[in-house]
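Undergrad: Pasting a structure below so you can have a look.
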Amino acid sequence: MRHGSVLLAALIGAAHVTPAAAQIAPHAGVEITTDERRRGLSWSDGELAPAAWARIDLPAGIDVGVRATGTRGDPRHGGADAVIEPTLGYNRTAGGFRLDGFVTGHLFSGARASLDYGEVGAGASYSLGPIEAGAEARYAPSQSAIGGDNLYLGVRGRVGIPATPWTLTASAGRSSGSVDDAVRAARLRPTGRYHDWSVGLQHITGPLTLALVYTGTDISDDVAVPSPYAGLNHAGDRIAARASFGF
């Protein structure tokens, strides 16, 4: 979601600002997808989902942001209409390497129960020309909303096709964790520990990105799970289309 902004560059050329202010950069965007999928699971009950986000990059590699996404009454999140996700992040870059850390909250609007939870994460990536590869870890400490704790380990990559607006993407990950409440633990791990993967194609022209992404998991859909949060009907192979516009 990191799109360039020319707004401050124009302001700097037209007015006097302090060096500290010149390092503050706002970003925002809107998206729509045919299915909001995360780690191979639908967060919008398999339905069309709109989203909007905003972020401010501050000096010293700090950023603060928020994202709002429609969840369309998804049973996975107690019938919530939307999820609001405030995030505080930090990053450092050196050459082609980038290190990231963050803490984020997942706050569900309209849920039938208290299902909000938080997580922390860290990642590292390396870029060389049109190629980027990275790895990440995300951990949600034990919370009643998710029936225990949850650890996600993932790798990702992207390759821009030279002289074209096309980019290929791929990812793979593993979700695991402890279980204190099997009913709520099924939100993030419907049948327990599982793996997910994705392959995508993006078309990027300026602030507009169009994408087609296939996601899959090794979650079995023939296992009976006594939880209204499992959403097994939306945990298998899917293809989703996404359009986003950043400014």
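Undergrad: Rank Asp222, Asp196, Asp149 by mean-square fluctuation in a GNM of the chain with C-alpha springs under 10 angstrom and give only the top-ranked residue.
TA: In this elastic network of the chain, the residue with the biggest mean-square fluctuation among Asp222, Asp196, Asp149 is Asp222.
Undergrad: What FRET efficiency, computed as 1/(1 + (r/R0)^6) with R0 = 30 Å and r the Cβ-Cβ distance, is obtained for Ala241 and Ala113, rounded to the nearest 0.05?
TA: Efficiency at R0 = 30 Å is approximately 0.40.
Undergrad: Next up: What does the extension gain come out to for Leu48 and Leu88, with contour length at 0.36 nm per residue minus their alpha carbon separation?
TA: 11.6 nm
Undergrad: Measure off, as a whole percent, the carbon and sulfur share of the 1.4 Å-probe accessible area of the chain, all protein chains present.
TA: Roughly 66 percent of what the probe reaches on the chain is carbon or sulfur.
Undergrad: Expressed in nm to one decimal, what extension gain is obtained for the pair Leu208 and Ser144 from 0.36 nm per residue of sequence separation less their Cα-Cα distance?
TA: Values: separation 64, 0.36 × 64 = 23.04 nm, distance 3.91 nm.
Gain on stretching Leu208 to Ser144: 19.1 nm.
Undergrad: Between Ala124 and Asp180, what is 0.36 nm times their sequence separation minus the Cα-Cα distance? Round to one decimal in nm.
TA: Contour length minus the Cα-Cα distance gives 17.1 nm.
Undergrad: Related question: Taking the alpha-carbon centroid of each part, what is the distance from the stretch 201-234 to the stretch 44-116 in angstrom?
TA: Taking the Cα centre of the stretch 44-116 as reference, the centre of the stretch 201-234 is 17 Å away.
Undergrad: Going from most exposed to least, what order do Phe108, Phe102, Phe97 have by accessible area with a 1.4 Å probe? Could the numbers behind the result be given before it?
TA: Details: Phe108 25, Phe102 45, Phe97 125 Å².
Result of the area sort, largest leading: Phe97, Phe102, Phe108.
Undergrad: Before I look further, what does the chain give for accessible area per residue, probe 1.4 Å, in whole square angstrom?
TA: 50 Å²
Undergrad: Testing the spin-label approximation: label points 7 Å from Cα along Cα→Cβ at Asp81 and Ala25. State their distance in nm.
TA: About 3.6 nm, to one decimal.
The values are calculated or read from the model by the stated rules, or taken from the named source; none is laboratory data. Values in this document were obtained by computation on a predicted structure and should not be read as measured data. Neighbour counts are summed over all protein chains in view; Cβ atoms, including those assigned to glycine, are modelled from backbone coordinates with ideal geometry. Remember, those area values only see protein heavy atoms, side chains included, never the ligands or the DNA or RNA. Shrake-Rupley method; radii C 1.70, N 1.55, O 1.52, S 1.80 Å.
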